[in-house]
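Before any comments, here is the structure.
The values are calculated or read from the model by the stated rules, or taken from the named source; none is laboratory data. In this text the structure is predicted, and so the values were computed from the model without any measurement. Every residue, glycine as well, gets a Cβ built from its backbone with ideal geometry; the counts of neighbours run over all protein chains shown.
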DNA sequence: GCAGGCAGTATACGACTGTCTACTTCCCTG
DNA sequence: CAGGGAAGTAGACAGTCGTATACTGCCTGC
């Protein structure tokens, strides 16, 4: 069942450990990995054909981790009224608990390897789709057309991922990041509700109840 | 006046050339640079003390480039009514014309070197502040408090930068990216105009003129 | 109980890296 | 015209890298 034998897992975890500090997945060396994992350099070849394949496997590994996190998230969100606030809090908490996976994702999303970039993009795309369908299903913002919800979901996923790095590294800013993310989401959806109105009409509405 | 002597400039431009393909600034080697620049490896030491210092100088170089671009932008925007649309088009056009600088910025913003990250962050912060003050000065969205405008400006600058990579790499998606960016900006500001309203009030407003 | 495959090790090779010292070439200035 | 400093070159150093081949131990199926 568990497809990861000892050495393989050790190497992947070594990679995550190294990346958390000051490295990037693409820049890791085979020997460096083995050293960190406490293994002989050649053991690497027993499990991976090349460093590219290794990178993909690491991505797959953290994708599994993330999926587990998302499952928990959906269970929790179902029992909540103010979905955006709780969801944001939960997601950042999750990132904080998995700094290595988060760092890898952020760093390689725009990193030098096209292969990893594509893999990560489709991963994010899947998460965004899941988020959008969840919102649609639960009719959280019924006044916005489905396509727009998908669009905003994609933006939100990306936005959260970028802020996640700061969230991990700068404890003092965590509250700020959290509330700014809530603002981000709420404003996106509220703004989208007014997509069909002209600039002047929106301004008129905004001033009415100030 | 021009502080860049021949060799120094050659090395920096070599770096930009290499990065555009599949490299990252942090991962460049001294000899690799010299080879690409057609110089002896040791010439590097005549101009830079270390690779870190080199990275900072490259950042400074592209910051100069970007500042020139922003100057042009402000001149142009002053003569325009529909500011967001034209501005977005201009900015992406600019990124397209400077792919190397753009790639460096995106890649190192979350890259492995903390020094470069900090440098880039303050650079972005400055751009965001400039953008926000421009918006306030010209009273483009007078119904939103200044602090919120700054917040949205920061988000927008980051969002555009991220999308810039796709914009450069995927010509087929350029129109989509451009319109999505406009949506992003408009929704943020429109949503912010309704910050003081409750969820149900917003929904009532949204439905009125559908 | 033994054969075969799998995980891990040892050693070695060539290529590449950053850095050092010593040398040459060129331009600018007095 | 002479001299000095800056730019660039040459060669060598120790270290690291990825890779290949050959080896040892262990577990499993027959």
### Summary
Restricting region B:83-100 to residues that are modelled with pLDDT of 90 or more and within 14 Å of another protein chain (Cβ to nearest Cβ), the one farthest from residue B:164 (Cα to Cα) turns out to be B:100
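How many residues, within region B:185-198, are assigned to a loop (DSSP other than H, G, I, E, B) and either facing another protein chain (nearest Cβ under 7 Å) or modelled with pLDDT of 95 or more (or both)?
Of all residues in region B:185-198, those assigned to a loop (DSSP other than H, G, I, E, B) come to B:194-198.
The next check asks that each one be either facing another protein chain (nearest Cβ under 7 Å) or modelled with pLDDT of 95 or more (or both); those that pass are B:194, B:196-197.
Qualifying residue count, region B:185-198: 3.
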### Query
Looking at B:147, B:201, which one is facing chain A (nearest Cβ under 8 Å) and farther than 20 Å from residue B:93 by Cα?
B:201
### Task
Identify, from the list B:204, B:163, B:158, the residue that is out of contact with any helix residue (DSSP H, G or I) (no Cβ under 9 Å at 6 or more places or on another chain) and part of a helix (DSSP H, G or I).
B:204
#### Entry: Considering residues of region A:18-36 that are exposed (fewer than 15 other Cβ atoms within 10 Å of the Cβ) and more than 14 Å from chain B (Cβ to nearest Cβ) only, the residue nearest to DNA strand C (Cβ to nearest atom)
A:31
### Query
Does any residue in region A:46-66 that is within 14 Å of chain B (Cβ to nearest Cβ) come within less than 9 Å, Cβ to Cβ, of a residue that is more than 12 Å from DNA strand D (Cβ to nearest atom) and not in a helix (DSSP H, G or I) six or more places away or on a different chain, and which pairs are these?
A:52/A:113; A:55/A:113
### Task
All but one of (1) crowded, with 16+ Cβ neighbours inside 10 Å; (2) touching a residue at least 24 places away in the same chain (Cβ under 8 Å) hold for residue A:73, so report the exception by its number.
(2)
## Note on the structure
Across (1) at pLDDT 80 or above; (2) more than 14 Å from chain A (Cβ to nearest Cβ); (3) surrounded by 14 or more Cβ atoms within 10 Å (Cβ to Cβ); (4) within 16 Å of DNA strand C (Cβ to nearest atom), residue B:4 clears everything bar (1)
### Summary
Result of the Cβ filter at 7 Å on region A:14-42, keeping first residues that are under 26 Å from residue A:118 (Cβ atoms) and partners that are within 12 Å of DNA strand D (Cβ to nearest atom) and in a loop (DSSP other than H, G, I, E, B), at least 6 apart or interchain, is A:15/A:28; A:18/A:28; A:30/A:41
### Task
Go through region A:37-55 and count every residue that is more than 10 Å from DNA strand D (Cβ to nearest atom) and buried (at least 17 other Cβ atoms within 10 Å of the Cβ).
4
### Query
Among (1) surrounded by 12 or more Cβ atoms within 10 Å (Cβ to Cβ); (2) within 7 Å of another protein chain (Cβ to nearest Cβ), where does residue A:182 come up short?
(2)
### Task
Looking only at region A:7-16, decide whether some residue is within 16 Å of DNA strand D (Cβ to nearest atom), away from every other protein chain (no Cβ under 14 Å), modelled with pLDDT under 90 and on the phi < 0 side of the Ramachandran plot.
yes
